[in-house]
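The values are calculated or read from the model by the stated rules, or taken from the named source; none is laboratory data. Keep in mind that this is a model prediction, so the values were computed, not measured. Quick reminder, even Gly has a Cβ in these numbers, built from the backbone with ideal geometry, and neighbours come from all protein chains shown. What goes into the accessible areas is simple: the full protein's heavy atoms, side chains included, and nothing from ligands, DNA or RNA. Shrake-Rupley method; radii C 1.70, N 1.55, O 1.52, S 1.80 Å.
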Amino acid sequence: QAQLVESGGGLVQAGGSLRLSCAASGRTFTNNAMGWFRQAPGKEREFVATISWRGRTIYYADSVKGRFTISRDNAKNTVYLQMNSLKAEDTAVYYCAAAPATTVVAAAYQYWGQGTQVTVSS
């Protein structure tokens with residue numbers, strides 16, 4: 001019943017844009033902060049962005065600040081990650097996750113999606 005399903009990943013040229021979506025069950029989504037994390041081959045999972053329930057608190061990793069925008073539509077139980085000016089180093093599997101508080105710490109997120117692949121070619 002606690003479900004998170006990412007979509008929107010794919011292959012894009014460097015400098016291009018991509019918009020990821022994460023549809024969540026009401027129980028998973030409601031009152032939770034929603035975050036995006038990514039993991040590239042051979043690297044640890046890293047924080048990308050997170051947004052509080054009301055959308056009033058937002059944090060971004062330094063590596064994506066100014067390029068990525070996180071948003072949510074609570075009426076649709078959906079969180080988005082708009083990715084612009086993509087770089088090769090953005091290539092990773094992107095995961096959305098839900099946490100009871102707005103935090104950059106992956107361990108605090110209780111529910112995770114299956115991930116969606118983003119590949120940026122040079």
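The string of couplings for the stretch 37-43 from the Karplus curve (6.51, -1.76, 1.60, θ = phi - 60°) is 10, 9, 9, 9, x, x, 10 Hz, one whole number per residue in order, with x for Gly and Pro.
Each of the peptides 58-69, 81-92 was scored by the mean count of other Cβ atoms within 10 Å over its residues; in descending order, highest first, they stand as 81-92, 58-69. When each of the peptides 108-120, 6-18 is scored by how many other beta carbons lie within 10 Å of its residues on average, the order from highest to lowest is 108-120, 6-18.
In this structure, THR30 and ALA88 have a Cβ-Cβ separation that, at R0 = 30 Å, corresponds to a calculated FRET efficiency of about 0.25. Per residue, the stretch 6-122 exposes an accessible area of 49 Å² to a 1.4 Å probe, with every protein chain left in place. Here the Karplus curve 6.51 cos²θ - 1.76 cosθ + 1.60, taken at θ = phi - 60°, turns the phi angles of the stretch 61-67 into couplings of 5, 4, 5, 10, 4, x, 10 Hz, with x standing for Gly and Pro. Within a straight-line Cα-Cα reach of under 18 Å, LYS43 can be paired with the following lysines, leaving aside sequence neighbours fewer than 8 residues apart in one chain: LYS87.
Leaving out ligands, DNA and RNA, and with a 1.4 Å probe, what % of the accessible surface on the chain is carbon or sulfur?
Working: 2860 of 6180 Å².
Solvent-exposed carbon and sulfur of the chain make up 46 percent of the total.
Only protein heavy atoms count here; on that basis, with a 1.4 Å probe, ARG38 has an accessible area of about 10 Å².
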